[in-house]
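Below is one structure; the comments refer to it alone.
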Amino acid sequence: MKKITFSKYFTFLIALFGALNFGFGQTTLSAGDIVITGFNSDDPDEFTFVLLTDVSNTTSIKFTDNGWQSSGSFRSNEGIIEWTATSALSCGTEITITDGSPFSASIGNVTDDNQFQLSATGDQILAYQGADISPTFIYAINFDGTGWSNATTASTSALPTGLTNGTNAVNLGEIDNANYNCASVSGQSAILAGVSSSVNWILDNNRLASLGGCTYTCGTCVSTVTWNGTTWSATPDLTTEAIINGDYDSSIDGDLSACSLTVNTGFRLTVGNNSFVEIENDVVVDGELFVETSGNFVQNDALGTFTVNAGGLARVNKQTPPKDQWYYYTYWSSPVVNETIGSVFPDVDGDRRFWFNAANFIDNNGDDIDDFGNDWQYALAGATMTPGVGYAVTEARLFPSGLGASGTASFEGEFNTSDVPVTITSNPANTGTKWNLIGNPYPSAVNFVDFHTANSTVIDGAAYFWSQATPPDAGNSGNQQINFSKNDYAIYTVGSGAIQNDAFGNPPNGFIPSGQSFFIAGLTDGTVTFTNAMREKNALSNSQFFKNSTTKNNSTTFNRLWVNLTSNNGVFNQILVAYVDGATNAKDALAYDAPRLSINDLPAALYTSIEGIDTKFAIQGKATTSLNEDEVIKLGFATNINVETTYTLTLAQFEGDFLTNNPVYLKDNLLNKVHNLSASDYTFTSDVGEFNSRFEVLFSQASLSTDEFALNSKSLKIVELEDDRVQFTTTEDLSIKNINIYDLLGRQLYTFKGNSDSEIYSLSNISNSIYIAKVELSNGAVITKKAIKK
């Protein structure tokens, strides 16, 4: 990744907007979101099912031949097959599961417990998600002669909870083998109704040579609704064609979901900020369709088309965060077809518009700077912006510099939809990180986790977003006389989480907003593909970059802590240490361990390290099993500031059961001091230099300096009495001078004075929670101890 520069070869630029949810993972399905379309119970067992909604990568569905009891549980002793998608899949996809000892799938992977076996004397297949003790059923087929009754034998079953026969379940009577006859293959509702009717099945007691075979199209609309400028003729949904025959603004008139969309001549559909329009299939624009900065326009079906007829206009309007100077860059990516650089940025100087040539990027010095200075190439005014490719552009010279104004850009043309492939280059001559600048090609946000998961063999799992926080400086390394700082990158990793790059923003949260490009590390030469299934309509997914806080994992399994370095002269650094599944204590891929770029460039920097590795990390993932009271996190600190400076370390944020229930201590090895970082910030000064082992983060009182008497946890006794009173007693033949009470967020709750070796205070504002007592004794020693008030 090349360093940004101040002259005509400016490199890294300002990240546009972007927000993220990291609402990620598999698609949660409801009843009727799949149908089972065929089965052979004569050996070898086989069945087919069809998706009636788009699903994301890693989505899993369980299938069992075990009967459901009317009492609300499975009978027992029969098998379960679990199918898992290995890529994002579109509505209408048909998958075949075949017993080849073990079972396998035509698409995706199968986990087989070796007990699933269809009986030729009657059986059933029940599809569900969730835990076996509380499943969410999504479809069921019965082919036993008793029909839906109760699970009294291995071949019988009650109708599963939440399903209705003829609607999202079908009973075929006793038959060995059967296949749906393709009676309805267009539109989700019509397909579901057709498959769920027993008259539409081919039944045979001889094994069928093949199952499936229908071509399903989810897109046929079953009715039409019209907006007249005030009201709808009927309520639109994903089964209805929507016709806009009056101005409509989704941020005012409501989010819109429809099967297909037509915007009539003379009228405008506006996808307003923090709202969405979701279309299952085709879009025709005869009037105007505008998408604003944080609006999401989503097309679901990969076969859906987007057409702008003569006289029509489709436009995506984007607004950047405030910029202090015209020469601050933004990373752009076009959400429309055949847009040109000159049309979007007509007033920007020709030597302030670039694309990044990854094939030219060679870094054999390990500094993330191109050794030959030819990685950035001019983006000529007449050049078409390739979908999925990133571009770097400043503002025009007349931009109101110093006023914190926002830049704007408008992209006009048919919106990109369906699959968008992007070439990734991994230059073998480059021994450093194989940086590529790519971007979201859609007029909606993209889920970065879904994108990475689908393309993980080609790209690594960290996205670097440029967001200008400091002006260019001659002291920053790069190919020009004046260069921007690489510290101005916010980083998102799919495994560990994210960090912000300035004190006023928030970390990226896992969504790539429309119009945004970012740097990614290539693992090999190849192609990554953006798909409609990765697109997001969530109201916050396309909001301004860094507006929302980092993704939280509410699981008690994951513990993460963020520490900020600031100073009285403008320094800001943030590090993240994350104890998450998949990470190790060794150096992992960028999905878990993201380096701090060019430490030597930065005025001052905070980082973590791994023993035996030279890399300095901004984000470090660690094994979940390594977090206990004996854990030690080594923090390095470096500074190039040669004037008197006061630095501050702050526990900015934490999450997880362990970190919620244990204080965080900071040990300054240079001064031989231990400080309770959960209770308050730590300030220090430093000479110029690099100090790789100055600081440590600790969680155990056994690790604390004797200066605070925390080595001897018995030096202070804390006893809860009646009526919210608490007794504090020291056993060191000393008197208590002061007591400060903090919660685990470091907020001071009480301050008490004392003059004896035992004091009683009322803590009425604390109940059923952990608190920290910091007790100063008459000899100046300080004891810090955690207690629980019940």
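The values are calculated or read from the model by the stated rules, or taken from the named source; none is laboratory data. Please read these numbers as outputs of a predicted model, since none were measured by experiment. Neighbour counts run over all protein chains shown; Cβ positions are idealised from the backbone, glycine included.
What are the pairs with Cβ atoms under 7 angstrom where one residue, in segment 585-602, is at positive phi and the other, located anywhere, is polar (S, T, N, Q)? Sequence gap at least six, or different chains.
Sorted first by the residue in segment 585-602, then by its partner, the pairs are S598/S477.
Answer yes or no as to whether N360 is under 30 Å from A429 (Cα atoms), over 28 Å from the mean Cα position of the chain (by Cα) and of a type outside the set (V, I, T).
On the way: under 30 Å from A429 (Cα atoms): yes; over 28 Å from the mean Cα position of the chain (by Cα): yes; of a type outside the set (V, I, T): yes.
Yes; evaluated as a whole, the condition is true for this residue.
Can you tell me which residue within segment 71-119, out of those that are assigned to a strand (DSSP E or B) and under 26 Å from the mean Cα position of the chain (by Cα), is surrounded by the fewest Cβ atoms within 10 Å (Cβ to Cβ)? Reasoning before the result, please.
Going residue by residue through segment 71-119, those that are assigned to a strand (DSSP E or B) are 73-74, 80-84, 89, 94-99, 103-105, 109-112.
Subsequent filtering for residues that are under 26 Å from the mean Cα position of the chain (by Cα) retains 82-84, 89, 109-110.
Details: E82: 16, W83: 21, T84: 15, L89: 22, N109: 12, V110: 19.
Looking at the filtered set, the residue picked out is N109.
For segment 549-568, name all the residues that are modelled with pLDDT of 90 or more and either assigned to a loop (DSSP other than H, G, I, E, B) or not charged (D, E, K, R) (or both).
Residues satisfying the conditions are N559, L561, W562, V563, N564, L565, T566, S567, N568.
Here is a check on your reading of the model: is N57 out of contact with any Pro (no Cβ under 8 Å at 6 or more places or on another chain), modelled with pLDDT of 95 or more and surrounded by 21 or more Cβ atoms within 10 Å (Cβ to Cβ)?
no
Can you name the strands (runs of 3 or more DSSP E) wholly within segment 301-351 that have at least 1 residues being within 23 Å of W376 (Cα to Cα), within 31 Å of the chain's Cα centre (by Cα) and in the same structural domain as T394 (by TED's automatic domain parsing)?
Answer list for segment 301-351: 313-323, 330-332.
Can you tell me which residues in segment 363-411 are outside any loop (DSSP other than H, G, I, E, B), without any contact (Cβ under 8 Å) to a residue 60 or more places away in the chain and within 32 Å of the chain's Cα centre (by Cα)? Break it down stepwise before answering.
First, the residues of segment 363-411 that are outside any loop (DSSP other than H, G, I, E, B): 376-378, 384, 389, 391-393, 405-411.
Restricting the remaining residues to those that are without any contact (Cβ under 8 Å) to a residue 60 or more places away in the chain gives 377-378, 384.
Passing the criteria: Q377, T384.
From the set of residues in segment 455-478 that are surrounded by fewer than 24 Cβ atoms within 10 Å (Cβ to Cβ) and aliphatic (A, V, I, L, M), which is modelled with the lowest pLDDT?
Once the filter is applied, the top-ranked residue is A474.
I'd like the full set of residues that are part of a loop (DSSP other than H, G, I, E, B) and in contact (Cβ under 8 Å) with a residue 40 or more places away in the chain, limited to segment 657-680.
N662, P663, V664, L677, S678, A679, S680
Kindly list the number of the only condition in (1) buried (at least 21 other Cβ atoms within 10 Å of the Cβ); (2) at positive phi that fails for I243.
Of (1) buried (at least 21 other Cβ atoms within 10 Å of the Cβ); (2) at positive phi, only one is false for I243: (2).
Would you be able to tell me the number of residues in segment 767-786 that are hydrophobic (A, V, I, L, M, F, W, C) and either assigned by TED's automatic domain parsing to the domain that holds H675 or in contact with a helix residue (DSSP H, G or I) (Cβ under 8 Å, 6 or more places away or on another chain) (or both)? Reasoning before the result, please.
Of all residues in segment 767-786, those hydrophobic (A, V, I, L, M, F, W, C) come to 770, 772-773, 775, 777, 781-783.
Subsequent filtering for residues that are either assigned by TED's automatic domain parsing to the domain that holds H675 or in contact with a helix residue (DSSP H, G or I) (Cβ under 8 Å, 6 or more places away or on another chain) (or both) retains 770, 781-783.
Result for segment 767-786: 4.
Among what's in segment 364-377 and is among the charged types (D, E, K, R) and surrounded by fewer than 21 Cβ atoms within 10 Å (Cβ to Cβ), pick the residue that is nearest to N600 (Cα to Cα).
That would be D367.
Looking only at segment 182-237, count every residue that is assigned to a strand (DSSP E or B) and among the hydroxyl-bearing types (S, T, Y) and tell me the total.
5
Search segment 138-154 for residues being part of a loop (DSSP other than H, G, I, E, B) and touching a strand residue (DSSP E or B) at 6+ places or on another chain (Cβ under 6 Å), and hand back the single one that is surrounded by the most Cβ atoms within 10 Å (Cβ to Cβ).
The selected residue is A151.
Go through the residues of segment 698-717 one by one and say whether even a single one is modelled with pLDDT of 90 or more and in a strand (DSSP E or B).
Here is the first cut: in segment 698-717, the residues modelled with pLDDT of 90 or more are 698-699.
Filter once more, keeping what is in a strand (DSSP E or B): 698.
For segment 698-717, residues modelled with pLDDT of 90 or more and in a strand (DSSP E or B): present.
Name the single residue, out of those in segment 155-181 being part of a loop (DSSP other than H, G, I, E, B) and in contact with a helix residue (DSSP H, G or I) (Cβ under 6 Å, 6 or more places away or on another chain), that is farthest from G213 (Cα to Cα).
Restricting to residues being part of a loop (DSSP other than H, G, I, E, B) and in contact with a helix residue (DSSP H, G or I) (Cβ under 6 Å, 6 or more places away or on another chain), the top hit is L172.
Can you tell me which residues in segment 669-682 are of a type in the set (D, E, K, R) and modelled with pLDDT of 90 or more?
Selection gives D681 alone.
Could you check how many residues of segment 120-137 are among the polar types (S, T, N, Q), within 26 Å of N205 (Cα to Cα) and in a strand (DSSP E or B)?
Applying the first criterion (among the polar types (S, T, N, Q)) to segment 120-137 yields 121, 124, 129, 134, 136.
Imposing the further condition that a residue be within 26 Å of N205 (Cα to Cα) reduces the set to 121, 124.
In the following step, the residues that additionally are in a strand (DSSP E or B) were identified as 124.
Residues that pass the stated criteria total 1.
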